[in-house]
1. With (1) within 17 Å of the chain's Cα centre (by Cα); (2) loosely packed, with under 13 Cβ neighbours inside 10 Å; (3) outside any helix (DSSP H, G or I) as the list, and Gln99 as the residue in question, which single condition is left unmet?
2. If you take the residues of region 83-94 that are more than 14 Å from the chain's Cα centre (by Cα) and either in contact (Cβ under 8 Å) with a residue 60 or more places away in the chain or under 20 Å from Met129 (Cβ atoms) (or both), which of them is surrounded by the most Cβ atoms within 10 Å (Cβ to Cβ)?
3. Of the residues Thr121, Thr131, which is at pLDDT 95 or above, surrounded by fewer than 19 Cβ atoms within 10 Å (Cβ to Cβ), out of contact with any helix residue (DSSP H, G or I) (no Cβ under 6 Å at 6 or more places or on another chain) and of a type in the set (Ser, Thr, Tyr)?
4. Examine region 145-161 for a residue that is farther than 29 Å from Asp103 by Cβ, among the small types (Gly, Ala, Ser) and surrounded by fewer than 19 Cβ atoms within 10 Å (Cβ to Cβ), and state whether such a residue exists.
5. Among (1) over 16 Å from the mean Cα position of the chain (by Cα); (2) among the hydrophobic types (A, V, I, L, M, F, W, C); (3) part of a helix (DSSP H, G or I); (4) over 24 Å from Trp19 (Cα atoms), which single condition is Phe114 missing?
6. Go through region 59-90 and report how many residues are within 17 Å of Val40 (Cα to Cα) and in a helix (DSSP H, G or I).
7. Being closer than 17 Å to Gln182 by Cβ, in contact (Cβ under 8 Å) with a residue 60 or more places away in the chain and either in a loop (DSSP other than H, G, I, E, B) or of a type in the set (Gly, Ala, Ser) (or both) is the filter here; which residues of region 124-156 pass it?
8. For region 134-144, give me each residue that is buried (at least 19 other Cβ atoms within 10 Å of the Cβ) and closer than 14 Å to Ser159 by Cβ.
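The values are calculated or read from the model by the stated rules, or taken from the named source; none is laboratory data. Please read all numbers here as calculations on a predicted model, not as lab measurements. Heads up, the Cβs are rebuilt from the backbone with ideal geometry, glycines too, and the neighbour counts pull from every protein chain shown.
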Amino acid sequence: MEDYQKKSITLVGNLDGRWSLNGATALVTGGTKGIGHAIVEELAKFGASVYTCSRNEAELAECLKQWEDKKFKVTGSVCDVSSRTEREKLMENVSTVFQGKLDILINNAGAGLFKPTVECTAVDYSFIMSTNFESALHLSQLAHPLMKASASGSIVFISTIGTLLVYVGCALYAASKGAMNQLTKHLAC
């Protein structure tokens, strides 16, 4: 092995240590697919203990098994974040698993609806807003005492470029994510 290769390996090792999340706790909603799945894996690779949720019990079980095989510290439960009652139960579970403390909340779970605005129903509106916006607000509120108990806290909201650009048939989705973006700004103040 060349000297420059050894030096490169050492530098990478130092960067990994610099970004260590050993001892940190995280909740990632919607962690069994897409961006959420990738976030769970990255947090776990850096040493965080992660709790995730999914509406789909079979997908959750499969992911938990894969993460266990990788020796990641990931647990989770079934939760439909569009339901206030289920969100409250989720945070009770998180509090129990992490002994009343939480360092990181990733509001990732979301639902899309792609149809003409004039065809959107009140049921469509309720589901999209409760899944994409209300859940982020409510989970952030529920996480607050756990983050205070850990003496730290970071909240991340997963949004979309669709709040800045117009995609035909995505009015409710874009509106829900736009509301989330405003919430993010207000919580940062």
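1. Every listed condition holds for Gln99 apart from (1).
2. The residue in question is Glu86.
3. Numbers: Thr131 fails: surrounded by fewer than 19 Cβ atoms within 10 Å (Cβ to Cβ).
Within the list Thr121, Thr131, the selection yields Thr121.
4. From region 145-161, those farther than 29 Å from Asp103 by Cβ are none; that's our starting set.
Checked region 145-161: no residue is farther than 29 Å from Asp103 by Cβ, among the small types (Gly, Ala, Ser) and surrounded by fewer than 19 Cβ atoms within 10 Å (Cβ to Cβ).
5. It is condition (3) that Phe114 fails.
6. Residues meeting the conditions: 12.
7. The one that is closer than 17 Å to Gln182 by Cβ, in contact (Cβ under 8 Å) with a residue 60 or more places away in the chain and either in a loop (DSSP other than H, G, I, E, B) or of a type in the set (Gly, Ala, Ser) (or both): Ser135.
8. Of the residues in region 134-144, the ones buried (at least 19 other Cβ atoms within 10 Å of the Cβ) are 134-136, 139, 142-143.
Ser135, Ala136, listed by residue number.
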